[in-house]
Amino acid sequence: EKMNYAKFIKTKISEAGLIVLFSLRFFRESVKPPLEFREISRQFYYLIVNSLPLVSITGIIIGLTLALQLKPTLGSFGADAMIPSLLSVSILREIGPVIISLICAGKMGSAIGAELGSMKVTEQIFAMEVSAVRPFRYLVVTRVIATTIGVPILIVYANLLALYGGYIAMKLISNTNFQLYFTTALNVLGFIDVLPSFLKTFLFGFTIGIVGSYKGYNCSRGTESVGIAANSSVVLSSLL
């Protein structure tokens with residue numbers, strides 16, 4: 001058992017090193033012209049725009065649920081007026097970015113891992129290399145750039161919907177005024193609440209893209225490995 005445990009730890013450490021090397025290769029390739037702007041826009045639509053319905057529903061439910069849970073607790077102390085402030089700070093600082101990134105990891109990470117994995121298994125990537133096409137730049141760089149740019153946009157969009165979801169809950173419970181709710185919610189926000197949480201969303205998007213691409217691009221032979229690549233992409237990117 002000790003040997004198996006040591007082997008497991010060694011495997012995970014080596015995989016972490018390989019992901020770091022894969023990321024460094026991405027940075028090298030991404031600065032070499034020309035960039036595949038058409039493929040980047042196609043991946044942006046495929047990964048980001050197609051995620052809007054799921055992200056929209058999730059964002060509204062986050063705000064709605066939080067407001068409904070805060071109302072009885074704070075209402076017993078007569079602190080109903082603090083609900084918009086608590087919602088805005090908690091959603092923008094942590095809850096919104098983390099939950100939406102987990103949703104994106106499940107949807108985008110599995111899609112990237114499965115797509116690149118199936119291309120690796122069917123030797124399409126090898127065929128691109130033989131045809132003098134740089135598959136890494138065309139397949140990996142475009143997807144990672146799309147997720148790095150797109151996930152922060154989705155998170156900002158979902159945060160706004162979450163605040164609106166909180167307003168819907170407050171409107172149903174206590175007939176709160178729209179202008180008063182958003183004035184109270186936004187006035188409490190400071191520079192430290194918005195900027196750090198926004199900057200880390202780029203890291204979340206990069207992680208989702210790079211892990212999904214790594215798992216798919218380095219998929220082993222066999223159709224079973226495609227499912228493993230998609231599953232491990234979601235698990236690892238969510239953990240990171």
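So V144 clears everything in (1) closer than 23 Å to L21 by Cα; (2) open to solvent by 20 Å² or more (accessible area, probe 1.4 Å); (3) of a type outside the set (S, T, N, Q) except one condition, right? Which one?
(2)
Consider the stretch 32-64. How many of its residues are in contact (Cβ under 8 Å) with a residue 40 or more places away in the chain, more than 15 Å from T147 (Cβ to Cβ) and among the β-branched types (V, I, T)?
Total meeting the criteria: 4.
Table: residues versus (1) modelled with pLDDT of 95 or more; (2) surrounded by fewer than 16 Cβ atoms within 10 Å (Cβ to Cβ).
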| position | (1), (2) |
| --- | --- |
| P84 | no, no |
| S101 | yes, no |
| G113 | no, no |
| L116 | no, no |
| K120 | no, no |
| F126 | no, yes |
| P135 | no, no |
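Taking G209 as meeting all but one of (1) open to solvent by 10 Å² or more (accessible area, probe 1.4 Å); (2) in a helix (DSSP H, G or I), write down the number of the exception.
It fails just one condition, (1).
Does G150 meet the test of being closer than 20 Å to C219 by Cα and touching a residue at least 24 places away in the same chain (Cβ under 8 Å)?
no
Where residues in the stretch 183-206 are out of contact with any helix residue (DSSP H, G or I) (no Cβ under 7 Å at 6 or more places or on another chain) and part of a helix (DSSP H, G or I), which of them is nearest to I112 (Cα to Cα)?
Step one: list which residues in the stretch 183-206 are out of contact with any helix residue (DSSP H, G or I) (no Cβ under 7 Å at 6 or more places or on another chain), which gives 183, 187, 190-192, 195-196, 199, 203.
Remaining after also requiring part of a helix (DSSP H, G or I): 183, 187, 191-192, 195-196, 199, 203.
Details: T183: 40, N187: 40, F191: 34, I192: 33, L195: 29, P196: 27, L199: 23, L203: 17 Å.
Among residues in the stretch 183-206 that are out of contact with any helix residue (DSSP H, G or I) (no Cβ under 7 Å at 6 or more places or on another chain) and part of a helix (DSSP H, G or I), the one nearest to I112 (Cα to Cα) is L203.
Are there any pairs, at least 6 apart or on different chains, whose C-beta atoms fall under 7 Å, with the first in the stretch 10-31 and basic (K, R) and the second surrounded by 10 or more Cβ atoms within 10 Å (Cβ to Cβ), and if so, which?
R25/F136
Can you give me the ranges of the helices (runs of 4 or more DSSP H) entirely in the stretch 1-120 with at least 1 residues that are closer than 21 Å to G209 by Cα, within 20 Å of the chain's Cα centre (by Cα) and among the aliphatic types (A, V, I, L, M)? Give the steps one after another, and end with the answer.
Working: elements: 2-30, 37-47, 52-75, 83-90, 96-104.
Counting at least 1 such residues, we get 2-30, 37-47, 52-75, 96-104.
The values are calculated or read from the model by the stated rules, or taken from the named source; none is laboratory data. A quick note: this is a predicted structure, and the numbers were derived from the prediction, not measured. Ideal geometry is used to build each Cβ from the backbone, glycine not excepted, and the neighbour counts take in all protein chains shown. For the accessible areas, the whole protein counts, side chains as well, though only heavy atoms, and no ligand, DNA or RNA atoms are used. Shrake-Rupley method; radii C 1.70, N 1.55, O 1.52, S 1.80 Å.
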